[in-house]
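The values are calculated or read from the model by the stated rules, or taken from the named source; none is laboratory data. Computed from a predicted structure; not experimentally measured. Here the Cβ positions follow ideal geometry from the backbone for every residue, glycine too, while neighbour counts run over all protein chains shown. Ligands, DNA and RNA are stripped out before the accessible areas are found, and what is left, the full protein with its side chains, is counted by its heavy atoms. Shrake-Rupley method; radii C 1.70, N 1.55, O 1.52, S 1.80 Å.
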Amino acid sequence: MSNVIFELRDLRKTYNVGQVNQVDVLAKVNLTLKAGEVVALTAPSGAGKSTLLHIAGLLDAPDGGDVLLHGETLNFKSEERRTKIRRRDIGFIYQFHHLLPEFTATENVVLPQMADGVSWSAAFERASMLLSKVGLAERRNHRPAELSGGEQQRVAFCRALANGPSLLLADEPTGNLDQATSHQVFDNLLAIVRDTGLSALIATHNPEIAMRMDRIISLDKGTISKD
Ligand code: ADP
């Protein structure tokens, strides 16, 4: 149990399509992430990756099974408690950066920290440190529209890590970038994940990027299979 950070146990999710059709998107998903482990989730479109990541990130409830972080079952907690856990313990990265357009790179990384009660000066210091780590020290006063796609996504990484989460969930984080930029941006992501020692589950369609992680898992007929 010692170094297990995150666990999905017998996770089930069924969608009703129309009156009669049921789709068992997640049939019996079991997954364990150890401290510092970076795992690639690869599966064809429609296999249930987003569903799994949403449930793992407490954004959606499973029909059965449990989501555990640090050995604690989270899916039965109150909405307020789940929001707090999401803000502090789980970082999210999506295919599109979803940065706030009217704020600078620094401010986008400062805001989630202030929402968690951190002072402006401490949040500013951490934002500057994170942005420097991904090579954006010079660009930190720019708004998202003044940054390239790769730079925007690197700011999104810093925002995801702003509150020092222990788990990072990413849904196609380089899916919107060209091949060369994908690798550069993934280098940044992997370096910062390794540096902070957090565990990560990263959905990707890119086999070369998947191969660079510690292990690859796939979703097949609603269950996890290893490649
Ligand atoms: P992926 O991220 O691997 O592309 P998704 O998790 O988005 O897959 O979707 C898995 C399956 O579940 C798909 O067949 C999709 O159509 C279905 N699905 C997803 N969300 C819903 C929903 N809210 N209602 C009904 N079916 C859904």
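Here the condition is being open to solvent by 80 Å² or more (accessible area, probe 1.4 Å) and free of Cβ contacts under 8 Å to residues at least 40 places away in the same chain; of R86, R81, R126, it holds for R81 alone. State which residue is most open to solvent (accessible area, probe 1.4 Å) when the search covers only the range 26-50 and only residues that are within 12 Å of the ligand (Cβ to nearest atom) and under 13 Å from the mean Cα position of the chain (by Cα). By that ranking, first place goes to S50.
Scanning the range 203-219 for residues that are more than 16 Å from the ligand (Cβ to nearest atom) and part of a loop (DSSP other than H, G, I, E, B) gives R212, M213, D214.
Scanning the range 1-25 for residues that are open to solvent by less than 30 Å² (accessible area, probe 1.4 Å) and either within 16 Å of the ligand (Cβ to nearest atom) or touching a Phe, Trp or Tyr at 6+ places or on another chain (Cβ under 8 Å) (or both) turns up L8, L11, K13, V25.
Scanning the range 1-59 for residues that are among the β-branched types (V, I, T) and modelled with pLDDT under 90 gives V17, V20, V23.
Under 19 Å from P165 (Cβ atoms), within 12 Å of the ligand (Cβ to nearest atom), charged (D, E, K, R) and within 19 Å of the chain's Cα centre (by Cα): does that describe D60?
Working: under 19 Å from P165 (Cβ atoms): yes; within 12 Å of the ligand (Cβ to nearest atom): yes; charged (D, E, K, R): yes; within 19 Å of the chain's Cα centre (by Cα): yes.
Yes, satisfied.
Limited to the range 19-34, what total is found for residues that are without any contact (Cβ under 8 Å) to a residue 60 or more places away in the chain and touching a Ser or Thr at 6+ places or on another chain (Cβ under 6 Å)? Write out each step before concluding.
Keep residues of the range 19-34 that are without any contact (Cβ under 8 Å) to a residue 60 or more places away in the chain, which gives 19-23, 32.
Remaining after also requiring touching a Ser or Thr at 6+ places or on another chain (Cβ under 6 Å): 22.
Count: 1.
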